[in-house]
Structures are given as C-alpha cells and as structure tokens.
Amino acid sequence: MTNLRKILQHSKHLMLVGSVVASLSAAAPLNAQVQKRAFQLRPSPTFIACAGVQGGPNPTATVTVTRGELADTLTITGQNFQPNLDFDLFTIQRSNLLSNGQIDPNFTNFGQAWYQSDVESDAYGNINANIKTILLDQIFGFDPDVNLSPTQALHVGLWFNDPNTAVPCGFDATKPTPFNGQHVAGPNVLISVPNATTNLGPLCTKPIKQGSTYVCDIS
C-alpha cells in the first residue's frame, strides 16, 4: 500500500508539473510581446528655436506607448516650450530625419498621416497629452479609391498649430501645412526617427527582414 501511495503521489506531481509547463507555454507568445515602448522625439533643426523660450534650452519631448488588450495608450510629455503654445500630434508614415537626427536629404513627404490629438504647453512650458488607439505594430490605413494598400504609420510627430509661430525661424506662413483641423498649420517641430538598422519607426516592436528590407510583423 505504501508503494502504491508513492506511485500515485509521483503521478500527481508529474501532472502538476506538466500543467504548469503547458500554462507557461501558452502564455509565452503574449509575454514575448514588447508591452511598452518609450522614445524621444527629435527636434527640427530649422524650427525648434521657435518652440522654446528665447535664450533658454531647446524643448524636448518623450513618447511612451503601453500595449493594451484592445487599444494602446500613448503619453507624450515635454518641457522647455513657450508657455501656452498649441501643437498638433500626428502619427505618420515617414520621418524627415535620419536615425542620427539630421535632416534626411532624400526626404520627399510624410506619407500617410493621422490626426491624433491637440497638444498645448501649460503656463510653465510643459506638455502632457494622452491618446488611446491602435499604435504598436498594427497601426495602418488604406484607401481602395486610390489603390492604396494597407500602409503603416509608425512615426509620431508634433506640428505648430499656428504657422505664424514659426515665421521668425524662416517659415513662410502663406504656405501652411495641412497638419491641423483647419489644414492651415505650421511646420513640423519634433518627430521620431527611424531605427538605424531596420529604417522603421519606433511604433514597430517586431521588425522582420523580407529580402533586403525590414517590415513590421503584424501577427
């Protein structure tokens, strides 16, 4: 009877270990996902001075994106801006900067762009805003009317809401950009940069190589 009891106890132990291993294996794909991504927005060499206080440090901004079950949460925080200055937050397909923060000499346009939020600096020159939507890896848009296949927007950028704000930095306010609700915004002031290896924006956490280029794994 003693031997039988030992055999049964051993069998129960093996079953428990097997259940734990199976549970861990089932959870592995979820745990393997990057759950949070934080990155700095890099300043426009041409226009950043017009966003800050004269004689003060250049404005800086950090973006943190947390993966959610149904939607992700993006928080942008920044400092050293002119007080009470309005900006517009977009997710875009392409950055106008290289991975080292220098202007991309081959840049043509920002590609697909999605208006995500208004952003305003407070009386102390700080910014803080949040959005909740699909962001990490699977953010995309498409348009059958113009034969546009699903296209990802893996970059984040801030634009001056008022084009006149950037005039002292050389911007022509008679030629506004469409980056606000009225489509009469100023230029880009801060933007994310591509990864030096993959050339993908920071909203991609799962780059995979296809041929000679990288794409973002949406599985």
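Values for this structure:
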{"quantity": "Answer label, with volume of the Cα convex hull per residue in Å³ calculated from the coordinates and candidates (1) 140; (2) 117; (3) 195", "calculated": "(3)"}
{"quantity": "Extension gain (nm, one decimal) between Gln82 and Gln35, 0.36 nm per residue minus Cα-Cα", "calculated": "13.6 nm"}
{"quantity": "Pairs beyond 32 Å (Cα-Cα), from Lys175/Lys206; Lys36/Lys175; Lys36/Lys209", "calculated": "Lys175/Lys206; Lys36/Lys175"}
{"quantity": "Total charge dipole magnitude, the chain, about the Cα centre, Cβ charges on Lys, Arg, Asp, Glu only, Debye to nearest 20", "calculated": "1380"}
{"quantity": "0 to 90° range, to nearest 10: angle between helix 2-32 axis and the chain longest Cα axis", "calculated": "10"}
{"quantity": "Whole-Å distance, taken between Cα centres, linking segment 100-144 and segment 159-212", "calculated": "7"}
{"quantity": "The chain, relative contact order [Cα under 8 Å, separation at least 6], %", "calculated": "20"}
{"quantity": "Within straight-line cross-link reach of Lys132, aspartates and glutamates at Cα separation under 17 Å, skipping those fewer than 8 residues along the same chain", "calculated": "Glu69, Asp72, Asp88, Asp118"}
{"quantity": "Farthest positive-ward along segment 38-216 dipole, Cα basis, beta-carbon charges - from Asn58, Phe87, Ser192", "calculated": "Ser192"}
{"quantity": "Val146, Val193, Val215 arranged by Cβ crowding within 10 Å, fewest neighbours leading", "calculated": "Val146, Val215, Val193"}
{"quantity": "Pair Ile208, Asn58: separation of 7 Å Cα→Cβ label points (nm)", "calculated": "3.7"}
{"quantity": "For Trp159, Trp114, order by how many other beta-carbon atoms lie within 10 Å, fewest first", "calculated": "Trp114, Trp159"}
{"quantity": "Residue-averaged [θ]222 nm for the chain, counting only DSSP H segments that reach four residues, each worth -39500 (n - 2.57)", "calculated": "-5000 deg cm²/dmol"}
{"quantity": "Theoretical gain in end-to-end length, Gln102 to Val167 [0.36 nm per residue, Cα-Cα removed]", "calculated": "21.3 nm"}
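No value in this document is a laboratory result; all are computed from the given coordinates. These figures come from a predicted structure and were not determined experimentally. Glycine also receives a Cβ, built like all others from the backbone with ideal geometry; neighbour counts cover every protein chain displayed.
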